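Everything below concerns the one structure shown next.
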Amino acid sequence: MEDMLPFSIGSGERIDPAKLIILTDIETELDRNLDREEYWEELLHGEKIGELMRRLRENISDFRSITPSPMPFEYARLKDYIGSERLTFFQQGFFFVAPVADQLSTTVALRELIRQTTEQNEL
């Protein structure tokens with residue numbers, strides 16, 4: 001019975017076991033296939049990333065508020081993306097660079113990108 005209870009993620013919040021199963025399945029798929037060159041190609045070209053996001057959106061309601069973009073990311077529209085009421089998912093890879101590699105996180109990289117873009121637009 002205990003393994004039927006939602007799992008804790010901190011300060012009293014719980015994750016539904018059904019959601020954990022979906023996330024675990026995706027993580028397992030990635031772990032099993034990352035050494036296959038064809039799989040890497042699918043990830044790099046976006047097809048596999050899009051498929052994984054579709055699975056998340058179909059099975060976990062929290063992901064349904066994320067709008068998949070039919071178009072690739074356009075830097076010129078960054079302000080529109082940031083100002084949008086909905087999150088947008090782009091089916092492509094992004095490359096972030098930091099002065100000290102071990103200090104890079106996606107959150108820090110995105111915050112820095114927004115800061116630089118804002119400064120550039122103010123000039």
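The values are calculated or read from the model by the stated rules, or taken from the named source; none is laboratory data. On a predicted model such as this, the values are computed, not experimentally measured, just so you know. Don't worry about glycine lacking a Cβ; one is built from the backbone with ideal geometry, like all the others, and counts go over all protein chains shown.
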Checklist (1) touching a Ser or Thr at 6+ places or on another chain (Cβ under 6 Å); (2) free of Cβ contacts under 8 Å to residues at least 12 places away in the same chain; (3) of a type in the set (Ser, Thr, Tyr) applied to SER61, failing item: (1)
Test: residue in region 63-74 that is surrounded by 13 or more Cβ atoms within 10 Å (Cβ to Cβ), touching a Lys or Arg at 6+ places or on another chain (Cβ under 9 Å) and not in a strand (DSSP E or B): yes
Matching residues, region 78-92, being among the acidic types (Asp, Glu) and farther than 12 Å from THR117 by Cβ: GLU85
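Test PHE95 against the criterion of being at pLDDT below 85 and closer than 25 Å to ILE114 by Cβ, and give yes or no. Walk me through how you get there before you give the answer.
On the way: at pLDDT below 85: yes; closer than 25 Å to ILE114 by Cβ: yes.
Here the answer is yes, as PHE95 does meet what is asked.
For region 39-58, check the following and say yes or no: at least one residue is loosely packed, with under 10 Cβ neighbours inside 10 Å, modelled with pLDDT under 90, over 16 Å from the mean Cα position of the chain (by Cα) and not hydroxyl-bearing (Ser, Thr, Tyr). So that I can check it myself, show each step before the final result.
Applying the first criterion (loosely packed, with under 10 Cβ neighbours inside 10 Å) to region 39-58 yields none.
Checked against the condition, which is being loosely packed, with under 10 Cβ neighbours inside 10 Å, modelled with pLDDT under 90, over 16 Å from the mean Cα position of the chain (by Cα) and not hydroxyl-bearing (Ser, Thr, Tyr), region 39-58 yields no hits at all.
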Cβ pairs under 8 Å, 6+ apart, first in region 107-123 and exposed (fewer than 12 other Cβ atoms within 10 Å of the Cβ), second at pLDDT 75 or above and part of a helix (DSSP H, G or I): ASN121/LYS79
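Identify the residue in region 12-31 that is in a strand (DSSP E or B) and in contact with a strand residue (DSSP E or B) (Cβ under 8 Å, 6 or more places away or on another chain) and, among all such residues, is surrounded by the most Cβ atoms within 10 Å (Cβ to Cβ).
Restricting attention to region 12-31, the residues satisfying the condition of being in a strand (DSSP E or B) are 13-15.
After this cut, where a residue has to be in contact with a strand residue (DSSP E or B) (Cβ under 8 Å, 6 or more places away or on another chain) as well, the list is 14-15.
Values: ARG14: 12, ILE15: 14.
Result: ILE15.
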Residue count for region 75-92, restricted to those that are surrounded by 11 or more Cβ atoms within 10 Å (Cβ to Cβ), touching a residue at least 12 places away in the same chain (Cβ under 8 Å) and not in a loop (DSSP other than H, G, I, E, B): 5
